[in-house]
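The values are calculated or read from the model by the stated rules, or taken from the named source; none is laboratory data. Computed from a predicted structure; not experimentally measured. Cβ placement follows ideal geometry from the backbone for every residue including glycine, while neighbour counts extend to all protein chains displayed. Quick note on the areas: whole protein, heavy atoms, side chains included, nothing else; ligands and nucleic acids left out. Shrake-Rupley method; radii C 1.70, N 1.55, O 1.52, S 1.80 Å.
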Amino acid sequence: MKQRILIIGSGFAGMWSAVSAARLAHLQGNDSLEIAVLAPQPELHVRPRFYEANVSTLTADLQPLFAELDIRFIAGHAERIDATENSVWYKTPDSQSTFMTYDRLIIASGSHLHHFGIKGIAEHGFDVDQMDSAQRLEDHLHALANQPESPARNTVVVCGGGFTGIELATELPSRLKALFGENTQTRVVVVERGSEIGGRWSEALREVIRNASDELGIEWRLNAGVEVVDASGVTLQDGSRIDAATVVWTAGVKASPLGENLTADRDALGRFVVTEELQIPTYSNIFATGDMAHAKSDDIGNTALMTCQHAIQLGKFAGHNAAASLLGVEGLPYRQVNYVTCLDLGAWGAVYTEGWDQQLKLVREDAKKLKIAITNELIYPPKADREVAFAAADPLAKFV
């Protein structure tokens, strides 16, 4: 009877876990493993691009790849992990509850936007966190184009000045002009708690973001917190008001709550604190990866971020190590020393930095070309070709 590696999630980490596990089994000449992926659909949602228009096109079909590599897909939504019985309970597409057992489990269930209890944001706000919510924002903007022009209609407030907030805010001027007309006076306002634009990053990167914001006409409200969001705008904590038909929340994510019943340490973002092999210390047969893993990325104190850049590599290591533990092969300690930033800045271009200290390397069109290559090609699944896919899934191969 085959031993089963069950992977929860078909995002970047889950998909690469499956391919990497299949790779190691192939290299070992072992056909005794069943590799199964449990997710709502057999597709990868290209979440890093959800700030763009035409969001419905930002998916990749995983069925050809899974078929080529003999990876089993199970349609369903994971609800509960029973570590005592080595099983995962899930809901099928027809809403039936059932379970699947595992010999090794990889939790790659991702993350979700965190609203921090802001009043009115769930009812009146928008986000680009998941495909359905990004589509809801796109539909809303298209509907606004048919409404009478007004300052509120033409204003978008972006809550949060992190990477997602910046990429969305700098993309919006051209999107709004395309919808409302080139001569329409539009307004994009970023509300940020920090005291400066891009305050957590290097001065060189901050300067680029400031210049791009100025050129694109992006307004920043610094030292500002959101108090209430309603149908016609947002009230800030200092009592000031911004009338806007569109308020988009981008300020923070938390790991999926799946596995809350497990006896394990989690960090402030809800991620499992894992070993170097990405195993949950209290469970010898359960691994966490992607946005579910608080993992050391190097030997100088850095930890993986909740980004696709880290999820891809975390997935490759998790799949390899889960398979290795069943095949009697030594695992690999997760390491991802190289860290880069490639931030889209809309019509202005982009910016590319290297290292945790964000050393500036490329700006404007040069960086934009690289950004497009990364988000439109590099992060997509490999071709449904065994040799190509397995070469790409090598945990020790350089990603960027």
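Can you tell me which of (1) without any contact (Cβ under 8 Å) to a residue 24 or more places away in the chain; (2) surrounded by 15 or more Cβ atoms within 10 Å (Cβ to Cβ); (3) in contact with a strand residue (DSSP E or B) (Cβ under 7 Å, 6 or more places away or on another chain); (4) outside the structural domain of Leu137 (by the TED database) is the one Lys296 doesn't meet?
All conditions pass for Lys296, except number (1).
Hey, can you tell me all the residues within the range 1-26 that are assigned to a strand (DSSP E or B) and of a type outside the set (A, V, I, L, M)?
Gln3, Arg4
Restricting to the range 154-178, name every residue that is without any contact (Cβ under 8 Å) to a residue 40 or more places away in the chain and either hydroxyl-bearing (Ser, Thr, Tyr) or in contact with a Gly (Cβ under 8 Å, 6 or more places away or on another chain) (or both).
none
Of everything in the range 377-400, what is in contact with a helix residue (DSSP H, G or I) (Cβ under 9 Å, 6 or more places away or on another chain), under 19 Å from Pro42 (Cα atoms) and part of a loop (DSSP other than H, G, I, E, B)? Give them in sequence order.
Scanning the range 377-400 gives Ile379, Pro381, Pro382, Lys383, Ala384, Asp385, Ala393.
So which of His112, His124 ends up being under 28 Å from Leu38 (Cβ atoms) and crowded, with 16+ Cβ neighbours inside 10 Å?
Every option except His112 fails the conditions.
Restricting the search to the range 77-109, which residues are outside any strand (DSSP E or B), more than 30 Å from Ala391 (Cα to Cα), open to solvent by 50 Å² or more (accessible area, probe 1.4 Å) and out of contact with any Phe, Trp or Tyr (no Cβ under 9 Å at 6 or more places or on another chain)?
Within the range 77-109, Thr84, Pro93, Asp94, Ser95, Gln96 meet the criteria.
Confirm whether Gly319 is under 21 Å from the mean Cα position of the chain (by Cα), open to solvent by less than 10 Å² (accessible area, probe 1.4 Å) and of a type outside the set (Val, Ile, Thr).
On the way: under 21 Å from the mean Cα position of the chain (by Cα): yes; open to solvent by less than 10 Å² (accessible area, probe 1.4 Å): yes; of a type outside the set (Val, Ile, Thr): yes.
Considered against the rule, which asks whether it is under 21 Å from the mean Cα position of the chain (by Cα), open to solvent by less than 10 Å² (accessible area, probe 1.4 Å) and of a type outside the set (Val, Ile, Thr), Gly319 comes out as yes.
Just checking, how many residues over the range 262-273 are open to solvent by 20 Å² or more (accessible area, probe 1.4 Å) and either over 15 Å from the mean Cα position of the chain (by Cα) or at positive phi (or both)?
Counting residues in the range 262-273 that are open to solvent by 20 Å² or more (accessible area, probe 1.4 Å) and either over 15 Å from the mean Cα position of the chain (by Cα) or at positive phi (or both) gives 7.
Please go through the range 124-143 and give me each residue that is over 22 Å from the mean Cα position of the chain (by Cα) and either within 26 Å of Thr59 (Cα to Cα) or modelled with pLDDT under 95 (or both), ordered by number.
Of everything in the range 124-143, those that are over 22 Å from the mean Cα position of the chain (by Cα) and either within 26 Å of Thr59 (Cα to Cα) or modelled with pLDDT under 95 (or both) turn out to be His140, Leu141, His142, Ala143.
Answer yes or no: is there a residue in the range 179-196 that is touching a residue at least 60 places away in the same chain (Cβ under 8 Å) and not hydroxyl-bearing (Ser, Thr, Tyr).
no
When the range 295-345 is examined, which residues are found to be aliphatic (A, V, I, L, M) and farther than 18 Å from Val37 by Cα? Write out each step before concluding.
Going through the range 295-345, the residues aliphatic (A, V, I, L, M) turn out to be 295, 300, 304-306, 311-312, 314, 318, 322-324, 326-327, 329, 332, 337, 340, 343, 345.
Answer for the range 295-345, where residues must be aliphatic (A, V, I, L, M) and farther than 18 Å from Val37 by Cα: Ala295, Ile300, Ala304, Leu305, Met306, Leu327, Val329, Leu332, Val337, Val340, Leu343, Leu345.
Name the one entry in Leu314, Leu345 that is open to solvent by less than 20 Å² (accessible area, probe 1.4 Å), touching a helix residue (DSSP H, G or I) at 6+ places or on another chain (Cβ under 6 Å), farther than 28 Å from Val273 by Cα and of a type in the set (A, V, I, L, M).
Leu345
Regarding Asp132, is this residue assigned to a loop (DSSP other than H, G, I, E, B) and either within 30 Å of Gly319 (Cα to Cα) or open to solvent by less than 40 Å² (accessible area, probe 1.4 Å) (or both)?
In short, no.
Of all residues being of a type in the set (S, T, N, Q) and over 18 Å from Arg187 (Cβ atoms) in the range 200-242, which is farthest from the chain's Cα centre (by Cα)? Just the residue, please. Talk me through it step by step, then tell me what you get.
Start the filter on the range 200-242 by keeping residues that are of a type in the set (S, T, N, Q), which leaves 202, 211, 213, 223, 232, 235, 237, 240.
From the residues that got through so far, the ones that are over 18 Å from Arg187 (Cβ atoms) too are 202, 211, 223, 237.
On the way: Ser202: 23, Asn211: 27, Asn223: 26, Gln237: 29 Å.
Across the range 200-242, the extreme among qualifying residues is Gln237.
Asp243: open to solvent by 30 Å² or more (accessible area, probe 1.4 Å), in contact with a Ser or Thr (Cβ under 7 Å, 6 or more places away or on another chain) and not aliphatic (A, V, I, L, M), yes or no?
Yes, satisfied.
For Leu332, are the conditions met, namely being of a type in the set (A, V, I, L, M, F, W, C), in a helix (DSSP H, G or I) and touching a residue at least 12 places away in the same chain (Cβ under 8 Å)?
no
Which condition number in (1) surrounded by fewer than 19 Cβ atoms within 10 Å (Cβ to Cβ); (2) modelled with pLDDT of 95 or more; (3) more than 19 Å from the chain's Cα centre (by Cα) is the one that Leu305 fails?
So Leu305 meets the others, but not (3).
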